[in-house]
Amino acid sequence: MKKRLVLAVVMTVVAVLNSFAWAEQGNQSDKADRAKDAAIKQYLKAAPIDAMLNDAMTGFLKMVPPDSKQTIEDTFKAVDRKKIADAMIASMKKHFTTSEINSLAKFYASPDGKEVMRKMPAMQAEVLPVLQGEISAAMMGVYEKTKQKE
């Protein structure tokens, strides 16, 4: 009977200590989440999503025929920016460490980072037509190979 009582007490102590360990692990996880949220907030100050979307739209509109520009502008205006921002934030939380996000924020807040942000739309506008052309050519090549097999 004494052995069972001692065993029960030992098991209870172990269970209590385990629960404290799990609680502390949860607290550390909460602290890490708050740190990552703060890092993302700093990143978004340095690289605002709205500015990135506006730059993308501006660059894209340069490639659109004049008679289609209004339709494209209306389409961009109808995009749910909050949904895009939420998806971007969730993806950053999932794939980047707090340190990596802090590094991005620091870079984009720096003079060089600001210059990169300013120049990025022009660079993307030059590369996008090449990318589109290569994708179209590749699709045609795959289509032709598929058609020959039939």
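Read-outs throughout are calculated quantities, based only on the coordinates presented, and are distinct from any laboratory measurement. A quick note: this is a predicted structure, and the numbers were derived from the prediction, not measured. Because the Cβ atoms are built from the backbone with ideal geometry, glycine has one as well, and the counts that use them run over all protein chains shown.
Observations
- Summing +1 for each Lys or Arg and -1 for each Asp or Glu among the other residues whose beta-carbon sits under 13 angstrom from that of Leu61 gives -1.
- In this structure, the pairs whose alpha-carbon distance is over 19 Å, taken from Lys41/Lys93; Lys45/Lys77; Lys93/Lys114; Lys41/Lys82; Lys45/Lys106; Lys31/Lys94, are Lys45/Lys77; Lys93/Lys114.
- Peptides 78-84, 30-36, ordered by how many other C-beta atoms sit within 10 Å of their residues on average, highest first, read 30-36, 78-84.
- Cα gyration tensor, region 93-149 - rounded (a/c under 1.5), prolate or oblate: oblate
- When only Cα pairs below 8 angstrom with a gap of at least 6 residues are kept, region 42-118 shows a relative contact order of 55 percent.
- Taking 0.36 nm per residue of sequence separation and removing the Cα-Cα distance, the Met52/Asp74 pair yields an extension gain of 6.2 nm.
- Residues in region 57-68 carry Karplus couplings, in order, of 5, 4, x, 5, 5, 5, 9, 8, x, x, 6, 9 Hz; the curve used is 6.51 cos²θ - 1.76 cosθ + 1.60 with θ = phi - 60°, and Gly or Pro positions show x.
- Shape analysis of region 26-150 based on the Cα gyration tensor places the equivalent ellipsoid semi-axes at 35, 21, 15 Å, largest first.
- Here the peptides 37-43, 48-54, 140-146 are ranked by packing, the mean other Cβ count within 10 Å, and the order with the highest first is 37-43, 48-54, 140-146.
- Local charge for Lys36 was computed over the other residues whose Cβ lies under 12 Å away, with Lys and Arg +1 and Asp and Glu -1, and equals +1.
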